[in-house]
Amino acid sequence: MKVLDFTKETDELANKLIKLGFHYQSTDKEERPPKPARLITTWANVMNGVTLQIIDTYDELRDENYKLITIPRKYVRITDDCTNISVTMSVEEFKELERITNSNGNTFPLPETSFKRITNEN
């Protein structure tokens with residue numbers, strides 16, 4: 001039986017994406033023979049014109065005996081939709097981001113502001 005449970009916690013990376021205003025779009029598997037396939041998960045912040053892709057891939061190298069070693073690697077690619085300029089960084093670097101400014105000069109998320117409720121006590 002499959003159950004949809006909105007009370008479950010998401011992982012740290014998904015929480016960061018949601019905090020920055022991104023919404024999940026899709027997950028695609030990209031075949032790259034003879035290399036291993038890579039998984040690309042796309043998130044978008046439509047209001048600010050920024051697309052983010054989480055790319056799960058593998059680095060391949062050979063040891064001293066020429067045995068093939070495959071090392072899993074995950075990185076993030078952020079693209080400004082207006083200019084199509086992208087920046088690639090590690091997941092760890094992405095988790096340290098607090099704000100993103102797009103090519104239009106819009107920064108998101110907006111800084112949290114505190115407000116004081118004014119009540120009419122007449």
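For segment 24-32, the criterion of being of a type in the set (K, R), part of a strand (DSSP E or B) and at pLDDT 90 or above is met by at least one residue. Scanning segment 44-55 for residues that are within 10 Å of the chain's Cα centre (by Cα) and farther than 16 Å from R99 by Cβ turns up A44, T51, Q53, I54, I55.
Among the residues of segment 90-111, are any assigned to a loop (DSSP other than H, G, I, E, B), open to solvent by 100 Å² or more (accessible area, probe 1.4 Å) and touching a strand residue (DSSP E or B) at 6+ places or on another chain (Cβ under 6 Å)? Taking every residue of segment 90-111 in turn, at least one turns out to be assigned to a loop (DSSP other than H, G, I, E, B), open to solvent by 100 Å² or more (accessible area, probe 1.4 Å) and touching a strand residue (DSSP E or B) at 6+ places or on another chain (Cβ under 6 Å). Taken over segment 46-71, the residue count meeting the criterion of being open to solvent by less than 40 Å² (accessible area, probe 1.4 Å) and touching a residue at least 60 places away in the same chain (Cβ under 8 Å) is 1. Taking K74, is it basic (K, R), touching a residue at least 40 places away in the same chain (Cβ under 8 Å) and open to solvent by 70 Å² or more (accessible area, probe 1.4 Å)? No: the conditions fail for K74.
Give me the residue from segment 71-113 that is in contact with a helix residue (DSSP H, G or I) (Cβ under 6 Å, 6 or more places away or on another chain) and hydrophobic (A, V, I, L, M, F, W, C) and, out of that set, modelled with the highest pLDDT. Write out each step before concluding.
Quick first cut of segment 71-113, residues in contact with a helix residue (DSSP H, G or I) (Cβ under 6 Å, 6 or more places away or on another chain) only: 74, 76, 95, 102, 106, 108.
Filter again for hydrophobic (A, V, I, L, M, F, W, C), leaving 76, 108.
On the way: V76: 94, F108: 84.
Checked segment 71-113; the qualifying residue modelled with the highest pLDDT is V76.
Every test in (1) at pLDDT below 85; (2) surrounded by 12 or more Cβ atoms within 10 Å (Cβ to Cβ) is passed by K116 save one, and that test is (2).
The values are calculated or read from the model by the stated rules, or taken from the named source; none is laboratory data. Predicted model only: the values in this text are computed from it and were never measured. Positions of Cβ are generated from backbone atoms using ideal geometry, with glycine treated the same way; all protein chains shown enter the neighbour counts. SASA here: full protein model, heavy atoms, side chains in, ligands and nucleic acids out. Shrake-Rupley method; radii C 1.70, N 1.55, O 1.52, S 1.80 Å.
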